1. Using only the alpha-carbon atoms, how far is helix 411-432 inclined from the longest principal axis of the chain? Give it as 0 to 90 degrees, nearest 10.
2. Would you please give the FRET efficiency between E183 and D94, computed as 1/(1 + (r/R0)^6) with r the Cβ-Cβ distance and R0 = 22 Å, to the nearest 0.05?
3. Taking the Cα centroid of segment 365-392 and of segment 57-80, what is the distance between the two, rounded to the nearest whole Å?
4. In percent, what relative contact order does the chain have, based on Cα pairs under 8 Å that are 6 or more apart in sequence?
5. In segment 216-233, which residues have a backbone nitrogen under 19 Å from the label point lying 7 Å from L285's Cα in the Cα-to-Cβ direction?
6. Pulled fully out, how much extra length does the chain show between S436 and K159, if you take 0.36 nm times their separation in residues and subtract their Cα-Cα distance?
7. Nearest 0.05, what FRET efficiency do E66 and A478 give at R0 = 41 Å with Cβ-Cβ as r?
8. Net charge near K400, counting Lys/Arg +1 and Asp/Glu -1 over other residues with Cβ under 15 Å of its Cβ?
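We did not get these values from a lab; they are worked out from the coordinates using the rules stated. Values in this document were obtained by computation on a predicted structure and should not be read as measured data. Heads up, the Cβs are rebuilt from the backbone with ideal geometry, glycines too, and the neighbour counts pull from every protein chain shown.
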Amino acid sequence: MTQKIKKPYYITTAIAYTSGKPHIGNTYEAVLADAIARYKREQGYDVFFQTGTDEHGQKIELKAEEAKVTPKEFVDGVSSQIRSIWDLMNTSYDKFIRTTDEDHELQVQKIFKKLYDQGDIYKGYYEGLYCTPCEAFFTESQLVDGKCPDCGRPVQPAKEEAYFFKMSKYAQRLIDHINAHPEFIQPVSRKNEMMNNFLLPGLQDLCVSRTSFTWGIQVPFDPKHVIYVWLDALTNYITGIGYDCGGNSTDQFQKFWPADLHLIGKDIIRFHTIYWPIFLMALDLPLPKQIFGHPWLLQGDGKMSKSKGNVLYADTLVDFFGVDAVRYFVLHEMPFDNDGVISWELMVERLNSDLANILGNLVNRTISMTNKYFGGSVVKTGVSEPVDEDLKATVLEAVKKADAKMEQLRVADAITETFGIFRRCNKYIDETMPWSLAKDEEKKERLSEVLYNLTEAITIGASLLESFMPDTSKKILAQLNTEKRGLDQMDAFGLYPSGGKVTEKPEILFARMDIKEVMEKVEALHKEENQKEEPSREEEDQNVIDLEPKPEITYDDFAKLQFQVGEIIACEEVKKSKKLLCSQVKIGSQVRQIVSGIKAHYKPEEMVGKKVMVVTNLKPAKLAGIMSEGMILCAEDAEGNLALMQPEKDMPAGAEIC
């Protein structure tokens, strides 16, 4: 059994990206961190639990533009939504950091300047394949089937001036650290992946600034550059507890750094186990003690995504099942090293079998029998039998096993051990048959002992349950009219005060649910959501445009026009014009220069890599003094918004449009 100690313990989640509402898979991480933080507090640690939101980057800038709000307005809304979900799930964080916090932004600039001044960052030129959702560059060899290796989405060629961090300078030092500290990256499979796929083959220098968008923290000595999201986001773990790059860090930082545990999803393990430790080495700071890359919570047989239409949200699930039922499910169903699966059917099954039957029914039966046979009084009589010793041994052993599992971060296994107490109690009821004992007046003291043992066992189980299902734990203990037992008091059986009284009317903790009724409600919910997303017939009618028809032309007239697919390989603003962009467009083996009046609708960097519809036999003309050798076609709505005409499928540059 772990002894109570007064020692600091710093745990963090990855900060959630503010591109949209987090689904239940994202929420799982916050709940997992909360369970660990609560348990560490029970062990006597002085815990600091930090979570928050990651709010800069190109994707945010584009999302805000689509929503017709400023990037700050956009992230304010999403960050608030994320925090409300974390609060809904009863997560006991000590700090919710935002990367738009002024103190964080200031420190990021100071860190960048320090690393530049000491020669770890240098200015260069980047050309590679860029994934906008992941905000990451990749080489051709790193792609999987030509797509981003992290999210599977398409990548686009990108070329820009950038600052780079000398990763290779610290690579061997990191390899040595990982080899000397086998607990540093967990599970072991994640460590092997990082070593074999990234560190041992050799690290490339890392791009740490961008010029193709503006929503980010400016490089202090070169304002046209913004600091790349990973250098910005990762440093939250030290800025959030008072790190100062100028040497004036707070007492809180001195107390809690290095972090005891960074809890992150397996998809961002590379950034946390390679980039982050190297940044810390460059800052001459100790590395975190452990980085745990947890698996994914999958819907059916795939990762949740809005594009797949298989997203489940925490607040929706809470509306159906309640907070603690959802907490139980995500914690219990996630294996240590493999992905877990969530579905409506499985949620109902777990609610009925584990929560309603095993736990809820046990508490209700025990309290009801105590009221029925002894007026609610729980009295220890000492009239025991061998089966009692087995119950006591099972309960005390379950506590030890759960404690050991939590030390290994095997939270699902710890919950299983805790529910082992409740399962053994149900078996104990079957073995002792209290209803039968109640029929014999001479066995009344034995019956009292049985109910005392059940009350004591449930008290221990409910106390152990607090880290995972805090509200349920409180409800059970309140009905037993007792206080939560500390971990240091769970190595003894029989501490419930003899003569204590349970509540007169036990509360139903979890009501059984009918899967058919649940699925009917789910179907109705999906229909309602689809109706919100799909325009009505009236809205569709308002969404069309009728143009004044032009004079008819013959097929021969039409045949004179040549339409081809063009690939934009470069684009820049026409300095003398407020409307024009000048694009270099690859058409077959040729490159044409085309000037287009779309500056108000597209930024030059957005144009690069797009395949568009081009009129290629239009007579060249000068626009704002620049020769234009064709026309890029766009669609225009009633408000004058333009959209490039692009092929539905990937077609080669030069393909004829007919």
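1. 30 degrees
2. Efficiency for this residue pair is about 0.35.
3. Comparing the Cα centres of segment 365-392 and segment 57-80, I get a distance of 60 Å.
4. About 11 percent, as a whole number.
5. Correct set: 217-220, 227-233.
6. Once the chain is fully extended between S436 and K159, it gains 91.6 nm.
7. Plugging the Cβ-Cβ distance into 1/(1 + (r/R0)^6) gives 0.25.
8. -2
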